[in-house]
């Protein structure tokens, strides 16, 4: 079954441990179909899977703490 999402990179494991703002910029550069959002751990988010969204989970030091993925 084909993916319902547009083509393009969907996961960025190499950004784990990097600066959140730099991660957001790189994600949007590498996949023009998504918008990346720096999201503080523990923040409420809209539930559900979104093909055009990447939540970049950061800690209070703005370091990426989870692998950013489309959804």
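Using just the Cα positions, wrap the chain in a convex hull and report its mean projected area in square nanometres, one decimal place.
4.7 nm²
Remark: the residue 61-residue 37 segment gains 7.1 nm on full extension, using 0.36 nm per residue and subtracting the alpha carbon distance. Quick one: helix 20-30 against the long Cα principal axis of the chain, what's the angle to the nearest 10°, folded into 0 to 90? For helix 20-30, the angle is close to 20 degrees.
Given the Cα-Cα distance of residue 11 and residue 49 and 0.36 nm per residue of separation, how much length would full extension add, in nm? Here the segment from residue 11 to residue 49 would lengthen by 12.3 nm.
Roughly what % antiparallel, to the nearest 5, for the DSSP beta bridges in the chain?
Looking only at bridges with both residues in the chain, the antiparallel portion is about 40 percent.
All of the numbers you see were taken from the coordinates with simple rules; none came from a lab. All of these numbers come straight from a predicted model, not from anything done at the bench.
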